[in-house]
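Chemist: Here's a structure for you.
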């Protein structure tokens with residue numbers, strides 16, 4: 001063990017990162033596993049979505065087989081949200097790559113996070129993200145965040161509107177209080193598709209202490 | 001060894017409450033009988049008892065009385081026989097409804113039940129001599145038992161030892177890190193330095209306060225981080241600088257992952273420098289960073305030239321501390337940034353930043369909540385693999401006279 005080294009001399013043993021290097025090169029998003037445990041939540045279809053709208057979206061947006069299954073709610077077309085849980089139990093949720101919105105997207109974001117504008121004329125493109133009034137009006141301040149909005153897993157946090165007229169509701173996924181909502185999405189809705197990493201929807205501080213209770217509405221992998 | 005090496009002592013006395021009742025009773029009796037025992041000339045029993053105790057201590061241990069002594073003995077007397085006499089002042093009150101509690105730091109402490117001395121004295125002051133005579137014998141009745149000493153407590157002002165610590169290995173927290181009864185790290189900086197210190201000064205507890213702190217997985221290199229350790233209730237304060245220096249030397253020779261420099265006894269007033277430094281002084285870091293794609297030379301140069309002029313960050317409270325800190329966006333300045341290629345996707349990043357900047361979050365961007373971030377600046381996913389603090393720019397404590405360990 002060497003005594004304090006002068007600045008120039010710090011050298012790193014990179015051999016211990018060899019496996020990490022190859023895994024992450026293939027899937028850069030994996031680095032998040034260092035900071036969070038990964039879970040998923042299936043948001044149920046927005047009650048507002050009328051039968052007629054569903055049909056219209058099916059023809060306008062070729063989701064492939066996913067669309068056909070959407071109506072009967074089978075696993076493949078569930079509106080999956082990711083729920084990343086930090087060791088301090090805070091849960092970050094957003095639209096997962098398994099969500100119908102992202103399923104047909106090529107994983108362009110794996111190597112570059114340059115915020116290129118995707119083709120906004122495509123009907124699948126996100127036109128706007130509208131946060132629920134209760135969320136926009138919520139007060140989040142102080143260490144205890146005592147005045148914050150209480151949420152249930154199914155509480156609607158925001159609605160994502162596509163150019164084609166579809167709506168997808170993103171929900172809280174866990175029971176607790178809202179500690180942050182990503183206002184950036186209102187100004188730059190295209191981030192949902194182009195930069196899923198920057199496009200988290202909300203952060204919730206769970207009411208329960210116990211992992212099983214916190215994640216009661218979530219699953220560990222998309223079925 | 002439990003003996004205090006104090007040259008002087010002060011004594012605090014707590015007498016049974018009945019003393020004050022009886023004192024009043026004697027004063028009234030004296031007035032009535034026109035004895036030359038005016039209330040003001042009746043000596044305070046407390047002072048007499050205090051004098052007697054101090055005198056005895058002086059004879060037995062050669063210790064001098066000094067009201068400003070750093071050592072205090074609190075003597076509490078009780079007298080079973082007259083323990084309820086003061087209740088006469090509170091004729092209509094039943095048992096106290098609830099035990100009042102008060103909070104000390106995080107622990108909730110129950111107040112002793114019953115009337116406090118100040119309440120008794122206040123009530124006593126309200127009662128006229130006539131009322132008193134009606135309700136209590138003046139002069140007071142004789143007693144048949146002696147008062148006894150119920151408790152003795154010894155308290156000494158803390159000893160403060162300051163220095164700079166180095167953490168040469170990872171997974172060592174600054175102070176013991178215990179979650180749900182389990183230790184999260186094998187040891188801590190506080191324990192490595194505090195244990196030998198505790199053996200030297202025989203204190204009850206020790207508490208380390210650093211000028212800021214680094215995560216358990218981050219090393220503290222260079223000249224170390226300023227800190228002080230408060231040693232509570234030390235028995236020995238007459239410590240020579242050589243003895244303190246021995247602690248420093250033994251940590252070096254045993255290749256301890258935690259070492260100290262400039263270790264010395266400091267004055268209590270000096271401790272405020274530590275906290276001021278935490279907020280105002282800049283820090284230097286070196287990090288191992290992984291990027292999802294290698295940078296072109298142009299990009300590298302671009303970032304380095306940007307970094308030379310300093311970068312202003314807007315940092316939202318990191319997710320990893322958001323559960324216990326207020327949600328705010330804090331502007332933090334990176335005074336300089338330099339990135340160099342090591343090999344493949346690995347880069348070395350050197351940063352000098354304002355106090356309070358979250359470096360890890362600057363690298364990966366904390367899901368876009370720290371901006372700009374290295375992820376943003378490079379346009380590729382960036383993550384930090386290792387972090388070292390190379391310098392904390394607060395100059396404390398002064399270099400002591402005995403030469404400290406030279407860096408190899």
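Every number here is computed from the coordinates shown, using simple stated rules; none is lab data. Quick caveat, the model's predicted, so the values are computed rather than measured. Ideal geometry is used to build each Cβ from the backbone, glycine not excepted, and the neighbour counts take in all protein chains shown.
Chemist: Quick one: check the C-alpha center-to-center distance for region B:367-391 versus region A:176-223, whole angstrom.
Modeler: If we compute the Cα centre of each part, the gap is 22 Å.
Chemist: Further, regarding this structure: Please report the equivalent ellipsoid semi-axes of region B:217-265, computed as sqrt(5 x eigenvalue) of the Cα gyration tensor, largest first, in whole Å.
Modeler: Numbers: eigenvalues 98, 39, 19 Å².
Largest first, region B:217-265 gives 22, 14, 10 Å.
Chemist: Determine the shielding of peptide B:118-126 by partner chains: average, over its residues, the number of Cβ atoms on other chains within 10 angstrom of each Cβ.
Modeler: Details: counts 0, 0, 0, 0, 0, 0, 0, 0, 0.
Shielding by partners across B:118-126 averages 0.
Chemist: Determine, for each peptide in A:192-202, B:18-28, A:137-147, the mean count of other beta carbons within 10 angstrom over its residues, then list the peptides with the highest first.
Modeler: Working: A:192-202: 23.0, B:18-28: 19.9, A:137-147: 13.2.
Ranking, from highest mean packing down: A:192-202, B:18-28, A:137-147.
Chemist: Across the residues of B:359-368, average count of Cβ atoms on other protein chains within 10 Å?
Modeler: Values: counts 0, 1, 0, 0, 0, 5, 3, 1, 13, 9.
Across B:359-368, the average partner-chain Cβ count within 10 Å equals 3.
Chemist: Also, I was wondering about something else. If packing is taken as the average number of other Cβ atoms within 10 Å across a peptide's residues, how do A:216-223, B:380-387 rank, most packed first?
Modeler: Details: A:216-223: 13.2, B:380-387: 21.9.
Most protected by this proxy first, the peptides run B:380-387, A:216-223.
Chemist: As an exercise, take the mean of 1/r over every pair of distinct alpha carbons in region B:191-339, invert it, and state the Kirkwood radius in angstroms.
Modeler: 19.0 Å
Chemist: While we're here: Send over the per residue convex hull volume for region B:187-276, Cα only, as a whole number of Å³.
Modeler: On the way: hull volume 9.3 nm³, N = 90.
In region B:187-276, the Cα convex hull volume per residue is 103 Å³.
Chemist: Ok, one more. Quickly estimate the mean residue ellipticity at 222 nm for chain B, helices only: each DSSP H run with n ≥ 4 gives -39500 (n - 2.57), and the total goes over all residues, rounded to 500.
Modeler: Working: 10 runs with 107 residues, N = 408.
Theoretical 222 nm ellipticity from helices: -8000 deg cm²/dmol.
Chemist: Provide the FRET efficiency to the nearest 0.05 for the residue A:219-residue B:304 pair, computing r from the beta carbons and using R0 = 41 Å.
Modeler: On the way: r = 45 Å, r/R0 = 1.10.
FRET efficiency, residue A:219 to residue B:304: 0.35.
Chemist: Same structure again: I'd like to know how chain B sits against the 2.2 N^0.38 Å rule of thumb: what's its Cα Rg over that expected value? Let's see the in-between values first.
Modeler: Values: Rg = 31.3 Å, N = 408, 2.2 N^0.38 = 21.6 Å.
Rounded to two decimals, the normalised Rg is 1.45.
Chemist: Projected area of region B:137-201, taken from the Cα convex hull and averaged over every viewing direction, in nm²?
Modeler: Taking a quarter of the hull surface, the average projection is 10.4 nm².
Chemist: Over all distinct alpha-carbon pairs, what is the Kirkwood Rh of region A:119-209 in angstrom? Each step should come with its number before you reach the end.
Modeler: Values: mean 1/r = 0.0730 Å⁻¹.
The Cα-based Kirkwood calculation yields 13.7 Å.
Chemist: Mind checking Rg over Rh on region B:269-320, alpha carbons, Kirkwood formula for Rh?
Modeler: Numbers: Rg = 16.9 Å, Rh = 15.0 Å.
Value, to two decimals: 1.13.
Chemist: Considering every residue in B:322-328, what mean count of other chain Cβ atoms within 10 Å of its Cβ is obtained?
Modeler: Numbers: counts 10, 10, 3, 2, 6, 9, 1.
The per-residue average across the peptide is 6.
Chemist: For chain B, what's the relative contact order in percent, using C-alpha pairs closer than 8 Å and at least 6 residues apart?
Modeler: On the way: 744 pairs, mean separation 64.0, N = 408.
After rounding, I find 16 percent.
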